[in-house]
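Notes for the one structure printed next.
Read the figures in this text as sums done on the coordinates, not as results from a lab. Treat the numbers as computed from the prediction; the structure is a model and nothing was measured. Every residue, glycine among them, receives a Cβ derived from its backbone with ideal geometry; neighbour counts consider all protein chains shown.
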Amino acid sequence: MDNQKRITIVNMKGGVGKTTLAVNMAFVLTKYHNKKVLLVDVDPQFNATQYLINQQDILKHFQNKKTIYDVLMPKKEEEINLSGKLSAKKDVIKLKDFIINVVNNESSRLDLLPSSLKLINFETTKRGVENHLKNFINSKCKEYDYIIFDCPPTLSILTLSAYLASTHYLIPIKPDYLSSLGLPLLERGLKEYEDTYEHSLIPIGVVFTMSLNTSSLPEEIESSINRSGSRKIFTNRISQTVNIARSIENNIETIKVFYNNGKFARYASEFKEVVNEMIKVL
Ligand SMILES: Nc1ncnc2c1ncn2[C@@H]1O[C@H](COP(=O)(O)OP(=O)(O)O)[C@@H](O)[C@H]1O
Ligand SMILES: [Mg+2]
């Protein structure tokens, strides 16, 4: 647990490849680094859930089991349970009621805590809700080496919940000037969280996703990133290619093909290199 890394993947722009990066990072950590990984889908669009699980299984889970919604809005008894005021015997929260196992190896695994449509209008005036995800992770998710939070493109209570539950954050951005403009705003928003909640995260850095070439970055993007205070810019980037878009189109099976079929090796290795680069600085 002491060594557990909890990483929020965040950017206020949608469609820049955040979820694709989050899902692939989770998979690479499981497959190539032998880690136990929990991917937490905090986005009401539930793309991470869709990229990993086929439709029927998602519907089945929604009918019978719990989602991130139930973590954020626990029943009274569950809330008491998470606050540590119930004896271990009366443990009403079982992790297995929430998660879907995606990859299961002898010593590594990838689990998903799925999102829910019910989050679309999620607003609450109830005090303390922003701590529920953190409390859940603290008490129920000790076995994981990595917990990755895939956030919506907003600084809402959902992203705040992930922030408070995390130790690190990573920013994926598309390497074009307009996308880089939002960075100072994002960093300011995170700084406000830090000041208000007295909880600071370690910035891992900026990863370029959907990159069209490997030449050096236009200067104005680099200076915009430097101004925003983000320390590290990853040298490894993710290319923009339909090979990557297709790899996450259906479910975990297409992701496995992406990593196992030599045809995609060049692009699969981009994700592997980004993860290698990340691990070195964690
Ligand atoms: N590297 C890439 N190259 C091409 N298309 C991509 C790439 N990464 C993601 N996409 C596609 O772009 C869309 C948005 O990606 P997604 O990861 O869901 O973005 P976000 O989470 O930032 O909204 C999806 O249709 C996805 O398939
Ligand atoms: Mg997304």
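Annotations for the structure displayed:
- With K and R counted +1 and D and E -1, the other residues having a Cβ less than 12 Å from that of Y267 yield a net charge of +3.
- Around R127: net Lys/Arg minus Asp/Glu count, Cβ-Cβ under 15 Å: 0
- Semi-axis lengths, Å, the chain, gyration tensor of Cα atoms, sqrt of 5 times eigenvalues: 30, 23, 17
- Net charge of the neighbourhood of I7, taken over other residues with C-beta under 13 Å away and scored Lys/Arg +1, Asp/Glu -1, is +2.
- Of the peptides 167-173, 234-240, 92-98, the ranking by mean beta-carbon count within 10 Å, highest at the top, reads 167-173, 234-240, 92-98.
- Isotropically averaged projected area of segment 127-252, using the convex hull of Cα atoms (one quarter of hull area), nm²: 9.4
- Where Rh is the Kirkwood radius over Cα pairs, Rg/Rh for segment 231-282: 1.02
- Potential extension, I157-K96 segment - 0.36 nm per residue separation minus Cα distance: 19.5 nm
- Across all directions, the average flat footprint of the convex hull enclosing the Cα atoms of segment 44-198 is 11.2 nm².
- Computed from the C-alpha gyration tensor, the three semi-axes of the ellipsoid equivalent to segment 182-282 are 30, 17, 13 Å, from longest to shortest.
- Average Cα contact separation per residue, segment 5-281, under 8 Å, 6 or more apart, as relative contact order %: 27
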